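**Student:** This is the structure I want to talk about, given as structure tokens.
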Amino acid sequence: MTLREAVVDLGAIRDNLAAVAARVDGTPLLAVVKADGYGHGAVPVARAAIESGAAWLGVTDLAEALELRNAGIDAPVLSWLHDAKADFAAAAHAGIDVGVSSLGQLERAAEAGALVQLKVDTGLSRNGIALAELEAVAARAAELERQGRTRVRGVFSHLANAGAPHDEAQVAAFERALDVVAAAGLDPELRHLASSQAALTRPATRYDLVRIGIAMYGLSPDAAAMSTAELGVRPAMRLTGEVAATRRVPAGTGVSYGFLTPTSAETTLALVPLGYADGVPRSATGRAHVQIGGARFPSIGRIAMDQFVVDVGNAAVAPGDRVVLWGDPAVGEPSADDWGDWAGTIGYEIVTRLGRRVPRRYVG
Ligand SMILES: *Cc1c(COP(=O)(O)O)cnc(C)c1O
């Protein structure tokens, strides 16, 4: 027991991936472990994902990819966002596929001898090769392949999840991109487009591989539209703290910075030793609830850097009691998706911003 602790259930990671696999008709899975595994720990999550049958791992940048290799993970890894001087020789040496978004990146990756996957912009307007430039990039890639300097292992893109008509337009744009790539004489073995949301809801986006992030962590890609229970997954992260102090106060007592909402009656206040430094969003002030001893209680007053206060009424809460901030909604705990709602954000941001001061403990 510690002041604060995030328990990460690797059994949930494995079960969630298996649940996703069962819903995508056998399409191979790429497990997305960027951003330190969405705050869960990239290396342990990657190992669990591989045990559960993930064919690929995906990360944003090369430093994240190399962290996996340095931990001894030898599964296929794709990395897709690079700075102007990214060390593609290190990628080649470590056997990391480089997602390339421009002719310049293709040239540098081939120069370094790395395998590449062409990232195409089908409408998201972030990185990726514009369709207008794809013909030239694909022609050059085919030439580099013929010279034995690289291999184009895949072609991929990313959806905006902006609703059915937009997603369908992006699928059509992706089809055009695949035609352009084939016409250049390339024959990539991996075509991939879908992340969790599309993989689970739009079979036409699945192609040869689906890139699964949030669903593997047991959160919903769209909490308003589909609950985790409906998706057949459960949150892998449970964040708890220990009640650090309690005090009995009269009605009208100011609580925390700014005295936002004085107590309305005599009550007991319980101090929770986590705050925004730990990833508890300050913007959830006035809305956040926690669970103590199986009961739900509201927070009261400003969420501060290191602590916040819970109004437990007349409940027999004592220092040392465990406080569940977020965990599994199926057993009545608040969820990271709930915190996303309270903070005006999404569950993705809640778990990803878990602070360094919170020790992770792995079970399962
Ligand atoms: C983050 C990311 C994913 C995973 O998205 P989820 O919604 O978490 O499943 C997939 N593909 C790319 C390119 C990403 O950046």
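Quick note: the coordinates plus some simple rules give every number you see, no bench work behind them. On a predicted model such as this, the values are computed, not experimentally measured, just so you know. Note: ideal-geometry Cβ built from the backbone for every residue, glycine included; neighbour counts use all protein chains shown.
**Student:** Which residue fluctuates most in the GNM of the chain (Cα springs below 10 Å): 105, 170, 147?
**Tutor:** Its mean-square fluctuation being the largest, the pick is 147.
**Student:** Show me the three semi-axes of the equivalent ellipsoid for the stretch 10-218, from the C-alpha gyration tensor (sqrt of 5 times each eigenvalue), largest first, rounded to whole Å.
**Tutor:** 26, 22, 13
**Student:** Let me ask something else. In what order do 88, 308, 259 fall by count of nearby beta-carbon atoms within 10 Å, going from fewest to most?
**Tutor:** Arranged by neighbour count, lowest to highest, 88, 308, 259 become 259, 88, 308.
**Student:** What FRET efficiency would be calculated for the residue pair residue 22, residue 363, taking the C-beta separation as r and a Förster radius of 30 Å, to the nearest 0.05?
**Tutor:** 0.80
**Student:** For the stretch 272-344, calculate the relative contact order in percent as a whole number, restricting contacts to Cα pairs under 8 Å that are 6 or more residues apart.
**Tutor:** After rounding, I find 33 percent.
**Student:** Given the options 317, 272, 155, state which has the largest fluctuation in a GNM of the chain using a 10 Å cut-off (strictly under) for Cα springs.
**Tutor:** Among 317, 272, 155, the largest GNM mean-square fluctuation belongs to 317.
**Student:** Which FRET efficiency value, to the nearest 0.05, is calculated for residue 85 and residue 139 with the Förster distance at 35 angstrom and r the Cβ-Cβ distance?
**Tutor:** Efficiency, rounded to the nearest 0.05: 0.85.
**Student:** Relative to the compact globular guide of 2.2 N^0.38 Å, what is the alpha carbon radius of gyration of the stretch 100-173, as a ratio?
**Tutor:** Details: Rg = 13.3 Å, N = 74, 2.2 N^0.38 = 11.3 Å.
Taking N as the residue count of the stretch 100-173, the ratio is 1.17.
**Student:** I would also like to ask the following. Given a 10 angstrom Cα cut-off, can you work out which residue in 237, 305, 216 is the most mobile in a GNM of the chain?
**Tutor:** Of the options given, 305 has the highest mean-square fluctuation.
**Student:** Helix 10-23 versus the longest principal axis of the chain: what is the Cα-based angle in degrees, 0 to 90, to the nearest 10?
**Tutor:** Rounded to the nearest ten degrees, it is 50.
**Student:** Moving on. Out of residues 5 or more away from residue 155 or on other chains, whose amide H comes under 5 Å of its own, with H placed 1.01 Å from N in the peptide plane?
**Tutor:** For residue 155, the qualifying residues are 118, 190, 191, 192.
**Student:** Using only Cα atoms and rounding to the nearest 10 degrees, what angle (0 to 90) does helix 42-51 make with the longest principal axis of the chain?
**Tutor:** Tilt of helix 42-51: around 70 degrees.
**Student:** Over its Cα atoms, what ratio of radius of gyration to 2.2 N^0.38 Å does the chain give?
**Tutor:** 1.13
**Student:** Can I ask one more? Any chance you could get the radius of gyration and Dmax over the Cα atoms of the stretch 237-363, in Å?
**Tutor:** So, for the stretch 237-363, Rg and Dmax equal 13.7, 44 Å respectively.
**Student:** Now a separate question. Quick one: helix 103-112 against the long Cα principal axis of the chain, what's the angle to the nearest 10°, folded into 0 to 90?
**Tutor:** Taking Cα atoms only, the helix is inclined about 80 degrees.
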